[in-house]
Amino acid sequence: MRIRDFLKAVNSTPIGEVLNERKLFRQRVKARGQFCAGKRVKMLAYGAWLADLRHACVEGRPAGAVSQQNVLSLLKFQEYRCALTGRPLSTETVALDHIVPMSRGGQHNIDNAQALHKEVNKAKGTMSNEDFIQMCREVVKWANRHAAKDCQVNHVSDAPESGPGAALGADRRSDRDPGQAGTLAHPVANGAQGAA
């Protein structure tokens with residue numbers, strides 16, 4: 001899209017003028033051609049560049065290349081806690097992770113990095129933060145559903161048995177705990193090894 005058409009489209013919102021030629025020129029220079037091709041502007045690339053810029057401008061968050069100083073600044077910014085779980089981090093447990101995985105086009109710079117606990121980083125793999133968090137929610141939901149079923153089963157099996165199925169229940173318990181079962185236990189447990 002031509003620059004003039006692009007500026008008209010951007011400024012035709014109810015907000016009014018948000019961008020002029022001078023500001024766009026400065027942004028083009030700063031972006032080093034990431035969203036421009038000659039005298040044309042790629043709108044999607046411009047939007048992505050603005051989003052990256054906004055992410056990098058979070059107050060106190062380091063920007064630039066991955067260096068020892070920037071990693072230490074990132075840890076300080078995160079208060080020495082895992083970015084996803086809040087677990088405390090130490091030199092033995094910290095791992096540097098790409099927010100947008102490199103396999104999905106993410107850059108290897110501190111703007112695209114977060115400090116995670118090693119176990120969390122291993123579990124996350126090449127997923128995005130959103131995909132990983134969604135997977136964790138599914139795991140918790142599934143585990144809670146099965147924990148509730150297990151709890152119901154345990155309450156039923158712990159109830160005192162009486163009635164027609166009581167003997168069957170005793171047989172099941174005797175198989176689990178031969179020491180308390182008496183004559184119903186396994187023959188080997190009762191010393192009847194030769195009698196078969």
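Key figures
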| quantity | calculated |
| --- | --- |
| When residues of segment 101-132 are limited to those that are within 22 Å of LEU72 (Cβ to Cβ) and β-branched (Val, Ile, Thr), the one surrounded by the fewest Cβ atoms within 10 Å (Cβ to Cβ) | VAL120 |
| Residue in segment 78-99 that is surrounded by 16 or more Cβ atoms within 10 Å (Cβ to Cβ), charged (D, E, K, R), closer than 16 Å to PRO62 by Cβ and in contact with a His (Cβ under 8 Å, 6 or more places away or on another chain) present | no |
| Residue within segment 35-42 that is farther than 21 Å from PHE132 by Cα, assigned to a strand (DSSP E or B), touching a residue at least 12 places away in the same chain (Cβ under 8 Å) and more than 19 Å from the chain's Cα centre (by Cα) present | yes |
| Odd one out for MET135 among (1) over 21 Å from PHE77 (Cα atoms); (2) modelled with pLDDT of 95 or more; (3) not acidic (Asp, Glu) | (2) |
| Test: GLY64 is of a type in the set (Gly, Ala, Ser), modelled with pLDDT of 75 or more and outside any helix (DSSP H, G or I) | yes |
| Checklist (1) assigned to a helix (DSSP H, G or I); (2) at pLDDT 80 or above; (3) not acidic (Asp, Glu) applied to ALA95, failing item | (1) |
| Search result, residues across segment 108-128 that are under 20 Å from LEU50 (Cβ atoms) and in a helix (DSSP H, G or I) | ILE110, ASP111, ASN112 |
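The values are calculated or read from the model by the stated rules, or taken from the named source; none is laboratory data. Model, not experiment: these values are computed from the prediction. Methodologically, a virtual Cβ is constructed for each residue, glycine included, from the backbone with ideal geometry; neighbour enumeration extends over all protein chains shown.
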